[in-house]
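One structure is given here, and the rest of the page talks about it.
The values are calculated or read from the model by the stated rules, or taken from the named source; none is laboratory data. Remember, it's a predicted structure, so these values are computed and weren't measured experimentally. We place every Cβ from the backbone using ideal geometry, glycine too, and count neighbours over all the protein chains shown. Keep in mind that these areas ignore ligands, DNA and RNA; they rest on the heavy atoms of the full protein, side chains included. Shrake-Rupley method; radii C 1.70, N 1.55, O 1.52, S 1.80 Å.
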2 protein chains.
Amino acid sequence: MTMKNQLEEPPMQPEKTIRLFIADDHELVRDGIRARLEDDPSIEIVGEAANGKQAIERINAANPDLVLLDINMPEMNGFETVEQFRKLGMEQKVLFLSLYDNKEYVRRAKVLGTNGYMLKDVSQAEMIATISKAVQGGFHVTSSLDDCLDNTTSDLPMLTEREQEVLAAIAIGKLNKQIAGELNISVRTVESHRSAIRQKTGGGNAASLAKVASDLGLL
Amino acid sequence: MTMKNQLEEPPMQPEKTIRLFIADDHELVRDGIRARLEDDPSIEIVGEAANGKQAIERINAANPDLVLLDINMPEMNGFETVEQFRKLGMEQKVLFLSLYDNKEYVRRAKVLGTNGYMLKDVSQAEMIATISKAVQGGFHVTSSLDDCLDNTTSDLPMLTEREQEVLAAIAIGKLNKQIAGELNISVRTVESHRSAIRQKTGGGNAASLAKVASDLGLL
DNA sequence: TTGCGCCTCCGTAGAACTACTCAATTGCAC
DNA sequence: GTGCAATTGAGTAGTTCTACGGAGGCGCAA
């Protein structure tokens, strides 16, 4: 367990250009990223997509070193897209780009084995730095999120899958009875989950649970 | 009441450049806008701000023809910023820029007497076109929002102020009892408002009201 | 002045949720 | 196998919300 395998790709020149693929549903944001990075000779933008589906179709042809992936996209969001990558055997490095400094998002990004989480409010310098680091491997977040990293496994609510299902249903206004029907469990079980969710999240009534759900990115 | 006062600034050349001020909390988005507009000789970017407060401080010095204003900004959002403009006697034209195709936002933009509402997913061409139109006056929305315009006064829930206060409180998980205390009204009154809100929005239980509140931009 | 919308308040009945408690089953890790 | 977490289910009591019904005051506009 030495530091050897830190350099898996052997002959890496110091000035090798990074082949970057951008997936974001807003053309405006893509333009912004382009504008920022095109000055930098060490980064080359080799492709774009406006959603996860397009990304999957186009990435292999573009053969990027790193995929800059927005989380909130229509059709297929960033997380789902990465899951698809894995299923299809695509092993590109991924750096998430998101508007939200949401601990749960950061946690999921880490759990998925991606290489970083970057907020959209970063400066040009930090964006370039984070991209460079993500390409090397490991998991990197932009500075304002540093604190999310430490407690990423301990501090967070960490709802179980079932609890997340139930919470998502609660958040869109479903009644316990409906939820029970859809999940094929008894109303009492739904209540049990609900109560567990309340305990873990500190949320009180149904409305505040809805807020929690949206904070957790379950909608 | 002829059309005379439509041209208050008398000698307007056809190719006059538009002096544009950009207020958006994301440097990335500002960069994107810059990148898109800097090719166009008819638009000149004369200033930037990262929030409403900065915008107010800087706009007079920049003397723009049009302010491109993000809605979701920290400290002071776009709507509050415009209200401040008015209080301070600033009469610059305003074009909102937002991520959300939210009818209620469009309605508020219109009610505030601003000159348009542009989604952040517009193309470069449409962005330039909308800016040009907004500078001329009137109220303009980007194409995907056209349908919001017609029913902007009739179709929408149009909650009363009190109802909005109550809804906002519900959405963050407050109990009727708490709300009653804070608004100095009885619990029964809160219930009445709540029931009116349910009727107007179609929302059923508390959780779905929370969702409605967030859709309406009350949080 | 008459009407209308908004805000305020109330009663009753039932549905839904909250707050505690407990426990059987499954599967996974040590 | 023992322990632990996740999922499932239940009892009891109390609180909160929902769905009806009704009514008075106030301001504004036709």
Being under 29 Å from A:Met76 (Cα atoms), within 11 Å of DNA strand D (Cβ to nearest atom) and open to solvent by 30 Å² or more (accessible area, probe 1.4 Å) is the filter here, so list the residues in the stretch A:183-219 that pass it.
A:Leu183, A:Asn184, A:Ile185, A:His193, A:Arg194, A:Lys200
Restricting the search to the stretch B:165-182, which residues are open to solvent by 50 Å² or more (accessible area, probe 1.4 Å) and within 10 Å of DNA strand C (Cβ to nearest atom)?
B:Glu165, B:Leu175
Near pairs, Cβ below 6 angstrom, 6+ apart or cross-chain, from the stretch A:167-186 (more than 19 Å from B:Arg198 (Cα to Cα)) to any residue that is loosely packed, with under 13 Cβ neighbours inside 10 Å and modelled with pLDDT under 95
none
Helices (runs of 4 or more DSSP H) within the stretch A:11-99 that include 3 or more residues within 14 Å of another protein chain (Cβ to nearest Cβ) and touching a Lys or Arg at 6+ places or on another chain (Cβ under 8 Å):
A:27-37
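In the stretch B:187-219, what residues are polar (S, T, N, Q) and within 7 Å of chain A (Cβ to nearest Cβ)? Let's see the steps before the verdict.
Filtering the stretch B:187-219 down to residues polar (S, T, N, Q) leaves B:189, B:192, B:195, B:199, B:201, B:205, B:208, B:214.
B:Asn205, B:Ser208, B:Ser214 - these are the residues of the stretch B:187-219 that are polar (S, T, N, Q) and within 7 Å of chain A (Cβ to nearest Cβ).
Only one residue in A:Asp65, A:Asp24 is open to solvent by 20 Å² or more (accessible area, probe 1.4 Å) and in contact (Cβ under 8 Å) with a residue 60 or more places away in the chain, so which one is that? Spell out the reasoning first.
Details: A:Asp24 fails: open to solvent by 20 Å² or more (accessible area, probe 1.4 Å).
It is A:Asp65.
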Out of curiosity, is B:Thr130 at pLDDT 80 or above and in a helix (DSSP H, G or I)?
yes
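If the requirement is being open to solvent by 20 Å² or more (accessible area, probe 1.4 Å), part of a loop (DSSP other than H, G, I, E, B), modelled with pLDDT under 90 and more than 14 Å from DNA strand D (Cβ to nearest atom), which of these qualifies: A:Asp147, A:Asp121? Break it down into steps so the answer makes sense when it comes.
Numbers: A:Asp147 fails: part of a loop (DSSP other than H, G, I, E, B).
Just one listed residue meets the conditions, A:Asp121.
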